[in-house]
Structure formats: structure tokens, C-alpha cells
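In what follows, a structure is listed as C-alpha cells, so that the remarks can point back to it.
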Amino acid sequence: MTSLPTRPPSTGTEDAQRSAELRGIARAGTISLIGSAASALLGFILVVQVSRGLGAAGAGAFSVVVAVAMTLAVVGRFGTDTALVRMAPRFRALGRTRDISAAAVAALAPVFVGTTLLAVAAWWAAPQLVHAVFEQPAPPGAVWLIRVGVATVPLAATGYVALAVTRGLGSVVPLTLVESITKPALRCVFVGVAVAAAHQQWPAAQLSAGPVLWTTVAWAVPTLLGGVWSAVLAHRALREVRAELPTPDGANGPAHAPDNPANAAGGPSGAAATWRELWCFATPRAAASACEIAGMHAGLILVSALAGVADAGVYNAALRLALAGTLALQALRLAIAPTLARLLTVGDLAGVEHLHRTAAVWITVVSFPLYLVFAVWPTEVLRLFGPGFSAGGPALALLAAGTLVNLATGPVSTLLLMSGRSTFTLAVTATSLTCGIALAVLLIPQYGVTGAALAKAAAVVGENLAVTLIVRGTVGVRTLSRPLFRAAFAGVACFVFPALAYDLATGHPVPDFRAAIILVLLGSAAYLVLLRRWRTEFALADLAAALPTHRLRLPGVRRRRPAEPERPVEPPPRRTDTPPSAASKEFR
């Protein structure tokens, strides 16, 4: 296994650069997190609008169409979004700024053509898709519902890939603005208008083609507008990149991008080499994305088939809770990817290690408390959904345990991808999917929802541990650290130990709601005390610098200004018999 070189003592300049990188990533992660939270809230509003406006059957038909369209759009990216996020900062670091535009064309053109052909094929095969995705008899007008949904696939996929260009160039604002805020907000507005207008002609309680069709059209329009807007934003970003290229008179753009096609460190340059490099990375990534999509839905489908729809509903509730708290992980993955790609390109493994370890600690600090509560009191949490969901308590505890491992390993899969090893990612993802399905088939008939959760948790833990070992062996980066274990211990000590103490003192493992709230509040107070004690090890000052208001900060964590490089101090001038000058007085 490749070992990480010993990192030499850092200088003041390097420390300042590390701190600036951390603050930039924290700021981008905060923007992504705010966008993800807004998207989740707007998505919930949309679900309420559709459910109340169309009824259970109409909402179900609408949800199936949206799921089909979004799945085709994700598959239709062909892995090029991740490829562009990696290649744009890599090309800049190698002095191949000219090839960034070529990489964008190499990604966008095939994606648009491929998804257009896919949409045309799905349009004509809509009757067959209706039989595949709807329980028979199908809802009225189901064929046109499918056709409206698949019509959004080309611009949805191409628009997301276009936003990957802006991400690779260092900004998550366009992605957050378009995908997380504008499109969901417009969908809420348009769907609300469509549902209200449809009620003028069709009864709300009766499933008919009219309301569902117009609701689907209203959902599709923001997708088309967002695709066009994404293309405009990508064009502006690429125009700024072209401004960095050398001009005919020899004047260059920024110093970090002296474009040189013959740059030996940059490898082969030119359109053909760029196309080949992009698709050699994107093809395995596309297959891995398909495996990830299958892994998200396989457990639910197997529970429904092997244990019944009632157990499937309980499992879906537990799974949604397990996914709800990973927003911080997803946000930091979006923010950290371009910086990791740049550092890996220039061979700064010490910087990669420091960056990843700090990100993993931040994710653990932010997300661990929620999942520890899920693991300790899963039955009480699921009772919020209704009396019939409490049977999924063991399943939620298992899913929470698996998610804790996923959080603790940090954005390790992003690190592996940014190192260019998409084939390894495909192998691990496919193996995890296969093992998860096999375990689910074996466990669900006997253990039901708990067996499905155990299979899912085992697959998640195995995948993360495998990626961690691969990163250690191939990239040479150690992702685990002492601050990470301290952050995990802080969460366990503050939220698990009090629950165990309550159990020993009262003999009741599950407290009532009031006692649970008191224990969580006491644990949160103790947690803040421990965070204050270890604030330097956890780099909480850099994390706090990204918060949107200067008044919002952790107790005891002071916001610091960017560190300045150390400057050599000149010795004071020697005294003479002449009167001291103004400069010499400053040194006294």
C-alpha cells in the first residue's frame, strides 16, 4: 500500500492558504446546505399541494411520472457532471485552460443528443412504459403523463451538466440558485395554479386525466426554463475562462493559467485528447450512478414484493428519516470536489489529507447528534408518523448506525472520484448493490423491515470502509484522524450515555416524550461545552466564518480574520548620536 509522505513543518504562508481553503469550502458548503434545506422544504410543500389537490390516486400517478423522468435524467448525464467538476480545476492547475471549453463541449453535446434520442424512444414506447410502471388498470391518460415527463429529460440532464461547469470553476451559487431554489419554487407556484384551475372543471376527489395531466405540465415547465438558464450561466462562465487565455500580443490572463498546449505536466492537449480523457472517466461513473439509483429503490421494491405494501410503507418512512440528515454531507461533497481535484493534480497530498479530515470532522460535528437520537429512540421517532409505524424502530436504529459510518468517513467517495479512479468507484458500488440485494432477499422473508434495514446498513458500511481502504492504498491519503474520533465520542457521550443512564435508573428503555426532550436538551448543552473545549482541533473558527451572520456563532468560538503570511521582521536601526528618526521611534 502506498504510504503518505511525511508532511514537512508548515510555514505561515501554507497555514494561511489552508485556512483560506477551509473557509472557502465552509462558505460553499453553507450555501449548498441552505439550498438543500430550501429544496427539501419546497419539495414538501409540493407534495402537500399535489396530495390535497389530486387525492391519493392522482398524487401516486404524478409521483410515478416524476420518478421516471428524474431517473432518466440522472442516467442521461452519463457521468459527465462529475467528470467536468474534476477536469475544470485540473486543467487550470496544469495550464490547460484552453481545454476547459473543449471538455464542456465534449460533455454537453453527447448528453443533449443522447437524452434527446432517449426521450424520443420513451415517447414512442410510452404505452409499454405505462404497463411497466403502473398497476393495471392504469390511470386515465397515463400515456400522455409519461410523454410529458420524458419530454423534460434532455434539458434537465443537459442543464445539470452545464451547471457542473460552473461548479468545476469554483462556484456552487449557480447550481444552488437554479436547482435548489428557483426550479422548486416555480414548481410550487405553477402546480398550485394548475391544481386550482383544474378544480374549476374536474372534481378533486376523482382521478381523471385532466388535473393530473395539467399538474404534470406545470411541473415540467420550470424544468425546461431551468435548463435554458443553466446553459446561459455555463456560457458566461466559459466566456470568463476564455478571457484568461493568452492574447496575440503575448499578454496572458491570470498567472495561474498560462495556457500552454505543450505543457509537459499537463499531458496531451487538444480536442481529441480532451474527449478521450473525459469519457474514459465518465463511462464508469455513469454505470456507478445507475447502480446508486438502483440501490436507492431496490430495498423498497423488495420489501413490497416479499413482505407486503404495509411493511414497504414502514421501511420507506425509516429510510427517508435516515436520508434526511445527510444534507451536510451532500453539501460538503458539492463544495469540496473542485479543491480536491486541484490539490490532487499538483500532488499536494498533505493538503488533501488536511482538507478531507477537517471536512469529515465538520460533518460529524453537525450530523452525529441527530442520528444518535434516531439510534437511541427509534420507536419514539417513528411514532410521529402514526401508530402503525412504531414497528419499524429496529429498522431505523440499524439504518441510523449505517449512516453514522457513512458520515464519519466524510466525502471519501468524492476524494476517490477526484483522483480519477472512477473504475474503482464502479467496482465498489456494483459490489455493494449486489451484496445488498442478496442480503435483502435472504433476510426480508424472515425478518421483514428489520431484515431490509440490516441489508441496507451492511451495504453502506461495507461500501464506505472499502472506499476508505482504496483511498489509503491508491491515493496514499489517511482519511481518519484523532479529531474525528473525538467528535464522534462527544456525540456518543452527550446523547447515548444519558439514554443508557435513564434506562438503568428507571428500567424503561424508552422515555416518554417530555423526558426525551429534557435528555436531548441536556445532551445538547453538554455537546456545546465539548465543542468549545475542542474548537481548535475541530477548526470551528473556519466553519463559523462561513455562517451568514456575524452574530451567529458557537459559544467560545470567536470569528477570526484570514491569517496573514508571516513577514520577516527587520531589526531596528542602531542608535547614533544624531537625533532619532521617525522610523526608529516606531521600533521603541
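The values are calculated or read from the model by the stated rules, or taken from the named source; none is laboratory data. Here the structure is a predicted model, which means the values were calculated and not measured. Cβ coordinates were reconstructed from backbone atoms using ideal geometry, including for glycine residues, and neighbour counts include every protein chain displayed.
Of all residues being of a type outside the set (A, V, I, L, M) and free of Cβ contacts under 8 Å to residues at least 60 places away in the same chain in the range 19-51, which is surrounded by the most Cβ atoms within 10 Å (Cβ to Cβ)? Just the residue, please.
Going residue by residue through the range 19-51, those that are of a type outside the set (A, V, I, L, M) are 19, 21, 23-24, 27, 29-30, 32, 35-36, 39, 43-44, 49, 51.
Filter once more, so that each one left must be free of Cβ contacts under 8 Å to residues at least 60 places away in the same chain: 44, 51.
Values: F44: 11, S51: 15.
Step by step, filter the range 19-51, then rank; the result is S51.
Can you tell me which residue in the range 493-517 is farthest from M418 (Cα to Cα), limited to those that are surrounded by 14 or more Cβ atoms within 10 Å (Cβ to Cβ) and of a type in the set (V, I, T)?
V510
Among the candidates L340, L372, single out the residue that is within 17 Å of the chain's Cα centre (by Cα), of a type in the set (A, V, I, L, M) and crowded, with 19+ Cβ neighbours inside 10 Å.
One residue alone meets the criteria, L340.
Could you tell me whether L334 is more than 28 Å from Y447 (Cβ to Cβ), buried (at least 21 other Cβ atoms within 10 Å of the Cβ), touching a residue at least 12 places away in the same chain (Cβ under 8 Å) and of a type outside the set (G, A, S)?
Answer is yes for this residue.
Give me the pairs, please: first residue somewhere in the range 93-112 and closer than 23 Å to V74 by Cα and outside the structural domain of L72 (by TED's automatic domain parsing), second residue anywhere and modelled with pLDDT of 85 or more and surrounded by fewer than 21 Cβ atoms within 10 Å (Cβ to Cβ), beta-carbon distance under 6 Å, and either six or more positions apart or on two chains.
none
Just to be sure, is I25 at pLDDT 70 or above, in contact with a helix residue (DSSP H, G or I) (Cβ under 7 Å, 6 or more places away or on another chain) and of a type in the set (A, V, I, L, M, F, W, C)? Before you say what the answer is, go through the steps one by one.
Working: at pLDDT 70 or above: yes; in contact with a helix residue (DSSP H, G or I) (Cβ under 7 Å, 6 or more places away or on another chain): yes; of a type in the set (A, V, I, L, M, F, W, C): yes.
Yes, satisfied.
Please pick out the residue among G388, G393 that is in contact with a Leu (Cβ under 7 Å, 6 or more places away or on another chain), in the same structural domain as V361 (by TED's automatic domain parsing) and not in a loop (DSSP other than H, G, I, E, B). So that I can check it myself, show each step before the final result.
Working: G388 fails: in contact with a Leu (Cβ under 7 Å, 6 or more places away or on another chain).
Result: G393 is the single residue among G388, G393 that is in contact with a Leu (Cβ under 7 Å, 6 or more places away or on another chain), in the same structural domain as V361 (by TED's automatic domain parsing) and not in a loop (DSSP other than H, G, I, E, B).
Which members of the range 164-173 meet the condition of being within 15 Å of the chain's Cα centre (by Cα) and part of a helix (DSSP H, G or I)?
Answer for the range 164-173, where residues must be within 15 Å of the chain's Cα centre (by Cα) and part of a helix (DSSP H, G or I): A164, R167, G168, V173.
I'd like to verify a number: residues in the range 302-337 that are at pLDDT 80 or above and within 24 Å of the chain's Cα centre (by Cα), how many?
Total meeting the criteria: 21.
I'd like to check which helices (runs of 4 or more DSSP H) are fully inside the range 405-517 and have at least 2 residues that are modelled with pLDDT of 90 or more, assigned by TED's automatic domain parsing to the domain that holds Q330 and of a type outside the set (D, E, K, R).
The helices (runs of 4 or more DSSP H) meeting that bar are 412-418, 422-447, 449-470, 482-491.
Which of (1) under 22 Å from V460 (Cα atoms); (2) in contact with a Pro (Cβ under 7 Å, 6 or more places away or on another chain) is the odd one out, the single condition S419 does not satisfy?
(2)
Taking helices (runs of 4 or more DSSP H) that fall entirely within the range 69-141, which contain at least 3 residues that are among the small types (G, A, S) and modelled with pLDDT of 90 or more?
Filter on the range 69-141 gives 98-124.
Please pick out the residue among P483, P411, P378 that is crowded, with 23+ Cβ neighbours inside 10 Å and under 24 Å from D348 (Cβ atoms). Give the derivation first.
Details: P483 fails: crowded, with 23+ Cβ neighbours inside 10 Å; P378 fails: under 24 Å from D348 (Cβ atoms).
Residue meeting the stated conditions: P411.
Of the residues that make up the range 69-82, is at least one buried (at least 24 other Cβ atoms within 10 Å of the Cβ), of a type outside the set (D, E), in contact (Cβ under 8 Å) with a residue 12 or more places away in the chain and farther than 21 Å from S230 by Cβ?
Checking the range 69-82: not a single residue is buried (at least 24 other Cβ atoms within 10 Å of the Cβ), of a type outside the set (D, E), in contact (Cβ under 8 Å) with a residue 12 or more places away in the chain and farther than 21 Å from S230 by Cβ.
Does the range 143-150 include one or more residues that are assigned to a helix (DSSP H, G or I) and farther than 16 Å from A69 by Cβ?
Step one: filter the range 143-150 for residues assigned to a helix (DSSP H, G or I), giving 143-150.
When the remaining residues are screened for being farther than 16 Å from A69 by Cβ, the result is none.
Within the range 143-150, none of the residues are assigned to a helix (DSSP H, G or I) and farther than 16 Å from A69 by Cβ.
When both residues are 6+ apart or on different chains and their Cβ atoms are under 6 Å apart, which pairs have a first residue that lies in the range 433-446 and is on the phi > 0 side of the Ramachandran plot, and a second that is buried (at least 20 other Cβ atoms within 10 Å of the Cβ)?
Every condition considered, no pair remains.
With H356, H297 as the choices, which residue is part of a helix (DSSP H, G or I), outside the structural domain of M70 (by TED's automatic domain parsing) and surrounded by fewer than 21 Cβ atoms within 10 Å (Cβ to Cβ)?
After ruling out the rest, the residue left standing is H297.
Taking the range 14-46 on its own, how many of its residues are under 14 Å from P338 (Cβ atoms), over 13 Å from the mean Cα position of the chain (by Cα) and hydroxyl-bearing (S, T, Y)?
0
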